[in-house]
1. Taking a 1.4 Å probe, which of I94, I117, I125 shows the most accessible area, and what order do the others take after it?
2. Report the per residue volume, in Å³, of the convex hull enclosing the C-alpha atoms of the chain.
3. Which of the listed residues, A132, L223, T207, is farthest toward the dipole's positive end in the chain, when Lys, Arg count +1 and Asp, Glu count -1 at the beta-carbon?
4. Given N residues in the stretch 198-290, what is its alpha carbon radius of gyration divided by 2.2 N^0.38 Å?
5. Solvent-accessible area of W115, probe 1.4 Å, all protein chains present, reported in Å² to the nearest ten, please.
6. So how much accessible area does I253 have, in Å² to the nearest 10, using a 1.4 Å probe?
7. Just the accessible area per residue of the chain, please: how many Å² with a 1.4 Å probe?
8. Taking 8 Å as the Cα distance limit and 6 or more residues as the minimum spacing, I'd like the relative contact order of the chain as a percentage.
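The values are calculated or read from the model by the stated rules, or taken from the named source; none is laboratory data. Just so you know, these numbers come straight off a predicted model, no measurement behind them. Glycine gets a Cβ as well: all are built from the backbone with ideal geometry, and neighbour counts include every protein chain shown. Accessible surface is based on the protein model in full, side chains and every heavy atom, while ligands, DNA and RNA are left aside. Shrake-Rupley method; radii C 1.70, N 1.55, O 1.52, S 1.80 Å.
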Amino acid sequence: MKKVRAWIEAMRLRTLPVSVAGVFTAWGFCLVNNTYKVVPALLCLIFAVLCQIASNFANEYYDFRAGRDRAGRVGPRRGVTEGDLSPRDMLYAIVLTLILAATTGLTLIYWGGWWLIAAGLVIGIGSLAYSAGPWPLSTHCLGEVAVFLFFGIVPVNLTYYVQALAWSMPVFLASCSVGLMGANVLIVNNYRDVFDDKAVAKHTLATQLGRRAMVVLYIFNSLLSVGLMTTTWLRVGAIWLVVPLAYILFSIIIALKMSRGEGASLNPLLGMTSMLMCLYAIGFLLAVMA
């Protein structure tokens, strides 16, 4: 059971709503434009979740290899670092998850075309580049940018495209919105880990700008993410503005809690931020179906 718990922890279940939110947002636009297709929509969801799990596995494995993790850190327990999982098993898990993701992604060629192979390769590289390679994005203050791109821009636009076979400016703006919300999840993560990261010379926005700046950035991202979709919400129906307004309210509450928290007490805020953006996307889905 201990090993099972270690694998579940390594998947970072509380952050998986981040990838779900992007796909759900694209579903909403497909429903609005009558281009929703059940099979490719579900395949995009599976692909997105598998890629995030692969990225989470890679983050744990490569941070261990590079000495960026240490036992007893304040964040979620790292199975490899703590000795619960072997590095070899984690490497196998990364490869297997990427194979499953690639297999799922290849089926989308039927709807979206052969160029999706190139897109899939970029996504696969991105899943690893966050923590691996000669210039890991997570150690060069680019973690939030990576999340913005690969959990916002990419999944929303591609999920929409394989169903509608077209690009859309409102969809692009929504993808930026989702990306900013996803970046907030990493902001909480790095805010919590700032002292551990400084100890191992890991450069994140939190270690370079300071914790107060991260709270301000969290609120700024929340406001801008909603602002980018204001026109879309008004077209759906003014009554549904309750969803973005609720998102802003709860984001501010989380930011205030973050500014007063320390260490492990911040872990729930990570899950709250992730779930809040997913609920926002679900609210959008409900609005367009009403």
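1. Ranked from most to least accessible, the order is I125, I117, I94.
2. Here the figure is 121 Å³ per residue.
3. In the chain, that residue is T207.
4. 1.27
5. Approximately 100 Å² of W115 is accessible to the 1.4 Å probe.
6. 70 Å²
7. Counting only protein heavy atoms, the per-residue value for the chain is 45 Å².
8. 26 percent
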